[in-house]
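Q: Before we start, here is the structure in question, set down as structure tokens.
The values are calculated or read from the model by the stated rules, or taken from the named source; none is laboratory data. Since we're looking at a predicted model, the values are computed, not measured. Cβ: placed from backbone, ideal geometry, glycine included. Neighbour counts: every protein chain shown.
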């Protein structure tokens, strides 16, 4: 018990320091972001209703300015981001692996008017992992321990059902993010962007190699985000493919 209390105190102190620094560096955005951080962290169930994507607040503002009627979006990981894109008039293909959550998002979208195709693509069975070489597996594995020994081949490769250049925006915020990011980089045309959430995590470092300059420009959006008592601050990175 004492160790848990000590750890909680350490985290609380770290979050206070991060907010103090953020207020100094972003004095205009900080009050609004602090309010939204409190609201979404204390009442996380409102995010789907409000259509608030689960990425950092600075990244969400950048994305809101980029997505408009007619924008085509492919995302791995359905949810509030799907509502966010739909409300801006985007054409959305959204891939989800979890049946119950897929149904909940579908129910929410019935109250919206938008061009959204929700696709339920669960993880592959154990045979898929046994048939694949050790070198290939990292692209299709999940960092979630619940899926140890299972792969997300069909989930990751769902984007290959569409021609290269079909989408303006790719959001990688679900399972097997390394593989999804690699596939998005292959499918993105000039001017398209690929958004990788939690890009600071060591487990996703291999994805960064798919977005080498000068072909790609990386925009890092470090800051607070919704529904996160800890770590409260993280990184969402947008990779934009340059137009030659």
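Q: Given the structure, is residue 184 in contact (Cβ under 8 Å) with a residue 40 or more places away in the chain, touching a helix residue (DSSP H, G or I) at 6+ places or on another chain (Cβ under 8 Å) and within 30 Å of residue 70 (Cα to Cα)?
A: Against the criterion (in contact (Cβ under 8 Å) with a residue 40 or more places away in the chain, touching a helix residue (DSSP H, G or I) at 6+ places or on another chain (Cβ under 8 Å) and within 30 Å of residue 70 (Cα to Cα)), residue 184 qualifies.
Q: Determine the pairs where a residue that is surrounded by fewer than 22 Cβ atoms within 10 Å (Cβ to Cβ), located within region 152-171, has a partner that is modelled with pLDDT under 95 and in a helix (DSSP H, G or I) with Cβ atoms under 7 Å apart, the partner being 6 or more residues away or on another chain.
A: 153/128
Q: Output the residues belonging to region 15-38 that are out of contact with any helix residue (DSSP H, G or I) (no Cβ under 6 Å at 6 or more places or on another chain), closer than 14 Å to residue 228 by Cα and in contact (Cβ under 8 Å) with a residue 60 or more places away in the chain.
A: Scanning region 15-38 gives 15, 18, 19, 34, 36, 37.
Q: Examine region 97-120 for a residue that is within 15 Å of the chain's Cα centre (by Cα) and crowded, with 21+ Cβ neighbours inside 10 Å, and state whether such a residue exists.
A: yes
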